[in-house]
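Below is one structure, written out as structure tokens; comments come after it.
The values are calculated or read from the model by the stated rules, or taken from the named source; none is laboratory data. The model shown is predicted, which means the values in this text are computed figures rather than measured ones. Here Cβ is always computed from backbone atoms with ideal geometry, including for glycine, and neighbour counts include all displayed protein chains.
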Amino acid sequence: MADDTNMEACPSVDAGSPSTEPNDDAGKGGGVRVGRLDSVDGVMVELGRVYRQVRRNAGPDIDPAVGSKLTYILTALARTIETSQLEQRVQALEERLRKK
């Protein structure tokens, strides 16, 4: 299975160390790898992972209900990317102000 922590649109994203949390099948001893969700970048990586997993499971013919869910995920991902970019710009401006 490919590592989904890198997003093609945001190669600089670093979600930190992933954790393992119990999944719905806790009795089976398995876990689900969940990235760090303590930053916008971490949430962005996880949203990308969720989208890719749902899209892979949908197959070539997407049911309208699944398509609607995928669209919702992509909308949330777009907002998260926008927020991440704004955070980076604010940090750069703050750094410039500190140097003056």
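Restricting attention to the range 43-62, which residues are surrounded by fewer than 11 Cβ atoms within 10 Å (Cβ to Cβ) and acidic (Asp, Glu)? Quick ask: steps written out before the conclusion?
Start the filter on the range 43-62 by keeping residues that are surrounded by fewer than 11 Cβ atoms within 10 Å (Cβ to Cβ), which leaves 56-57, 59-61.
Answer for the range 43-62, where residues must be surrounded by fewer than 11 Cβ atoms within 10 Å (Cβ to Cβ) and acidic (Asp, Glu): just Asp61.
If you take the residues of the range 30-42 that are over 16 Å from Leu77 (Cβ atoms) and either surrounded by 15 or more Cβ atoms within 10 Å (Cβ to Cβ) or among the basic types (Lys, Arg) (or both), which of them is modelled with the highest pLDDT? Please lay out each step first, then the result.
As a first pass, look at the range 30-42 and keep what is over 16 Å from Leu77 (Cβ atoms): 30-34, 36, 38.
Next, from what is left, pick out any that are either surrounded by 15 or more Cβ atoms within 10 Å (Cβ to Cβ) or among the basic types (Lys, Arg) (or both): 33-34, 36.
Values: Arg33: 73, Val34: 79, Arg36: 82.
Taking the candidates together, the pick is Arg36.
So, in the range 63-88, exactly how many residues are surrounded by 14 or more Cβ atoms within 10 Å (Cβ to Cβ) and acidic (Asp, Glu)?
So the count comes out to 0.
Among the residues of the range 52-64, are any touching a residue at least 24 places away in the same chain (Cβ under 8 Å) and of a type in the set (Lys, Arg)?
So far as the range 52-64 goes, yes, one or more of its residues are touching a residue at least 24 places away in the same chain (Cβ under 8 Å) and of a type in the set (Lys, Arg).
Looking only at residues in the range 54-86 that are over 16 Å from the mean Cα position of the chain (by Cα) and in a helix (DSSP H, G or I), which one is nearest to Val40 (Cα to Cα)?
Restricting attention to the range 54-86, the residues satisfying the condition of being over 16 Å from the mean Cα position of the chain (by Cα) are 57-68, 86.
Next, only the ones that are in a helix (DSSP H, G or I) stay: 57-58, 64-68, 86.
Working: Asn57: 26, Ala58: 27, Pro64: 29, Ala65: 27, Val66: 25, Gly67: 25, Ser68: 23, Leu86: 11 Å.
Checking each candidate, the answer is Leu86.
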